[in-house]
Every structure is written in structure tokens, then in C-alpha cells.
Amino acid sequence: MAGCSGKVFVVGAGPGDPSLITVKGLQLLREADVILYDRLVPGELLKEAKPSAEKIYVGKAPGAHTYTQEEINKMLLSLALKGKTVVRLHGGDPYVFGRGEEECAFLLSNGVCCEVVPGVTSALAAPAYAGIPVTSRGISSSFAVVTGRVAPDSSKTIRYSEIARAVDTLIILMGVSELENIVADLLAGGVDPSTPVAIVEQGTTPSQRVIVGRLRNIVELARRERVSPPAVVVVGNVVKLREKLWKLA
């Protein structure tokens, strides 16, 4: 591309089922010289890389980061400037709480071009695989996707109850560790305690597990079932549709 000293493909791997990567994403993965991949990228996808491809794990687990974001950015830059075909492989979609935009901004500011290949986000795929549509005529005409945690250095707070009252379906990513606080905020903000809630753990994978309850008891159920990340929390009446649709998932 004119004006660029190199190029990085920032690719969404999808939500966990390796077959949910896009056709374009898979093609780029097969052509890559170097792949920098996240913790939630399916191992089966990495087998699609050519034998000579270098695979670098840059995953971030809670409290255990293999590389800082700054180190990842510099690694992408260095590899691109060497003329390598670089794929930065994100779980889900790179621009949905994936920090893909930070990587692209850094690369562009240093003369390296980016091409973003969207991925299927777990915010939609995990509920779908659990038999829960996020919208449904007559039940839900709107939904919001929010994060369950904010950066430690951020001054922002998430007003879950205000968001929940503004939309029909609330979808929370990365919310397991903060579930008790989130539910307390929803209840304190006037959200009906009988509102259906589902937690989809390890969505779209063979290990998928679904816990269904109500806002008033979902914390207790999650604790009893020992729910752990990654998991998607769905709040709203669409959860009731699972009774009819779960066999399709």
C-alpha cells in the first residue's frame, strides 16, 4: 500500500468454535509469516498456519500478562518493518474490547498500515449457541454490550442499571469476577429482581455450559456452579426463549 513501510492484519478469530472464523480471516492466517495470538484463540486455528509460520503467544489472563500492550505494539511494528506478513489474531472481534484499535493506532502513527478483519463476537455467538437470541419481535428490540470491568487507571464507571433500563437485553462480557457488584447495581437501580438471566460459560466450544436463573438468585447460582471465565452474561426476557430454542444450538 502506498505510503506504508509494512502492513499488519488485525484479525478476529471468533468466539471459540474454530469454524466461526471468517473466510478472509482464515485465508490470511494460512498466508501469515508470523502470528501473534491471544489466550482465547482456538488451538485448532493455529494448525491452519503454514509449517514455516512463527507463532507467538501474547495472551493476557487476569493478573498474568505474557507481554504488556506496549510490548505487543512494538513487536508488531518490528515484524512489519522486516517485511513479514503479520497477523495479529484476536479472540472474538478485535474492536470489541479487544484493544485492536490501540494496536492499529500505534502502527499507523509509525508508518505501518493495518487491515482489520472483523470476527464473530461472543456477545452474539455465545447466546445464540445457548438458544438465546439477543433480539426478538415483541420481546426485545434493542440490546447493549458492556464490559464487566474497566481499566484500573480509568476514571469511568459503568452505570449498569441505567443501561439495562434503556434497552431490552443487556449483554455483559468479562463480568464473572464482578457479577455480585453488577447485580447489586442493577437491583439498586430498580431493575426487576425476577428478570431472567443466563450465564454462558465457554460459549460455542465443546465445554459450553449454561446457567439460567433470575436477577435475584444468579449470583448464588454462579457461585454454586463455580462459574469461571470466559463467560457471557445475558439479562432480559429473551432468556426465556431458550426453553424453545436450545435444541437448535
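Among residues of the stretch 56-89 being under 17 Å from the mean Cα position of the chain (by Cα) and surrounded by 15 or more Cβ atoms within 10 Å (Cβ to Cβ), the one that is modelled with the lowest pLDDT is Lys60.
For the stretch 136-147, the criterion of being surrounded by 15 or more Cβ atoms within 10 Å (Cβ to Cβ), without any contact (Cβ under 8 Å) to a residue 40 or more places away in the chain and not assigned by TED's automatic domain parsing to the domain that holds Gly14 is satisfied by at least one residue.
Test Val10 against the stated conditions and say whether it is surrounded by 21 or more Cβ atoms within 10 Å (Cβ to Cβ) and either outside any loop (DSSP other than H, G, I, E, B) or charged (D, E, K, R) (or both). The answer is yes for Val10.
To keep it simple, each residue is scored yes or no on (1) exposed (fewer than 15 other Cβ atoms within 10 Å of the Cβ); (2) over 20 Å from Gly213 (Cβ atoms).
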residue	(1), (2)
Gly91	no, yes
Pro94	no, yes
Val117	no, yes
Val134	no, no
Val150	yes, yes
Arg159	yes, yes
Gly189	yes, no
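Within the option set Leu89, Leu76, Leu81, Leu36, being among the aliphatic types (A, V, I, L, M) and out of contact with any strand residue (DSSP E or B) (no Cβ under 8 Å at 6 or more places or on another chain) holds for one residue only, Leu81. The criterion of being in a strand (DSSP E or B) and within 29 Å of Arg39 (Cβ to Cβ) holds for Ile171.
The values are calculated or read from the model by the stated rules, or taken from the named source; none is laboratory data. This is a predicted model, so every value here is computed, not measured. Note that each Cβ is placed from the backbone with ideal geometry, even for glycine, and that neighbours are counted across all protein chains shown.
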